[in-house]
Amino acid sequence: MTRPIVFLTDYGIADEFVGICHGVMMRIAPDTRVVDLTHAVPRQDVLRGALTLGRATAYMPADAVYIAVVDPGVGSERRSIAVLAASGALLVGPDNGLLSLAWEALGGVDAAVEITSDAIVLQPVSRTFHGRDVFAPAAAHLAMGVPLGQLGSSLEIDELRVLALPGPMVAAGAIGAWVTGIDGFGNVQLNVGPQDIEAADLGAILTVGGRQAPRVGIFADVGRGTLAAIIDSQGQLALVVNHGSAAEMLGLAVGKTVVLE
């Protein structure tokens, strides 16, 4: 039985790139099921892709093979890697930190290789489309049960590139937060958990950018167009507007900071 593949990119769906990668994987592993996690990662936003992939791991099959392609350095000296996580899951993608939050969520790295085998990659290898020529075939071969070591030479685990997320700045009565994401509804995801709110001893109504944001359980707890703070499905604090966009209301974007009081 083949392993499932979880597929994430910043390719979008207007072009043929995602479909071609599907075709490459199907030719090698025709019975493998592919979960298209998203292909709408903001272009070249490695951190957003890493966050999205890492958050999804808890809900994916335990034996999944992850292929992630957000790759501003394609064709450069950055390595193409495949990683065995402690959980048994496998991950394929560029060595730019994109996979690092996912493998951390999966228990860390047990082994890693650089994908170089001529028996795995498609020839000739394009300098601009490693998703098709390197990552898709590598993921499909792994899904078919090909051992990790057959993809290429071993890498030292401590040489792999990782991304580090900043934590919130917590003080009595205030939290300096960082915007980790904005979803399609305009909900603003923050690097703040319930424990941070408790440590700062924030009350039932937060102040954000001069606006009040009551802490609520669901969107409908406030009226339409009203700003609120909610613990989202990832267990983190999010700023939301019922039937509206908190990002637009507050003028926030990914990577910006905001003070909660």
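The values are calculated or read from the model by the stated rules, or taken from the named source; none is laboratory data. Fair warning: this is a prediction, and the values are worked out from it, not measured in the lab. Virtual Cβ from ideal backbone geometry, glycine too; neighbours counted across all protein chains shown. These accessible areas exclude ligands, DNA and RNA; they are computed on the full protein's heavy atoms, side chains included. Shrake-Rupley method; radii C 1.70, N 1.55, O 1.52, S 1.80 Å.
Things worth noting here:
- Per residue, the chain exposes 47 Å² of solvent-accessible protein surface, assessed with a 1.4 angstrom probe and all protein chains in place.
- Over segment 8-91, the hull volume per residue, using the convex hull of the C-alpha atoms, is 113 Å³.
- Against the empirical 2.2 N^0.38 Å (N residues), segment 1-141 has a Cα radius of gyration ratio of 0.93.
- Atom-type composition of the exposed protein surface of segment 57-150 places 53 percent of the accessible area on carbon and sulfur (1.4 angstrom probe).
- Computed E for S126/I231 - FRET, C-beta separation, R0 30 angstrom, nearest 0.05: 0.10
- Relative contact order (%) - criterion: Cα under 8 Å, at least six apart; region: the chain: 16 percent
- GNM flexibility winner over the chain from V41, V125, V109 (Cα, springs under 10 Å): V125
- Computed across segment 117-161, the Kirkwood radius stands at 11.4 Å (inverse of mean 1/r, all Cα pairs).
- FRET efficiency for A164 and R27, using Cβ-Cβ distance with R0 set to 41 Å, rounded to 0.05: 0.60
- About its Cα centre, the dipole of segment 202-261 is roughly 60 debye, where the only charges are +1 on Lys and Arg Cβ and -1 on Asp and Glu Cβ.
- Taking 1.567 mPa s as the viscosity and 4 °C as the temperature, the Stokes-Einstein diffusion coefficient of the chain based on its alpha-carbon Kirkwood radius rounds to 66 µm²/s.
- Cα centroids of segment 196-226 and segment 71-150: 42 Å apart.
- Computed extension length for M1-F185: 62.4 nm, one decimal, from 0.36 nm per residue of separation with the Cα-Cα distance subtracted.
- Across all Cα atoms of segment 145-202, the radius of gyration (one decimal) and Dmax (whole number) stand at 19.2, 55 Å.
- Comparing D221, D133, D45 in a Gaussian network model of the chain, where Cα atoms under 10 Å apart are tied by springs, the biggest mean-square fluctuation is seen for D221.
- Simple Cβ-charge dipole of segment 12-123, Lys/Arg +1 and Asp/Glu -1, about Cα centre, in debye nearest 20: 200 debye
- When all alpha carbon pairs of segment 1-55 are counted in 10 Å bins from zero, the resulting P(r) reads 23, 48, 27, 2 %.
- For segment 112-214, trypsin sites (Lys or Arg not before Pro) are listed when DSSP marks them as loop and at most 12 other Cβ atoms sit within 10 Å of their Cβ; the list is R127.
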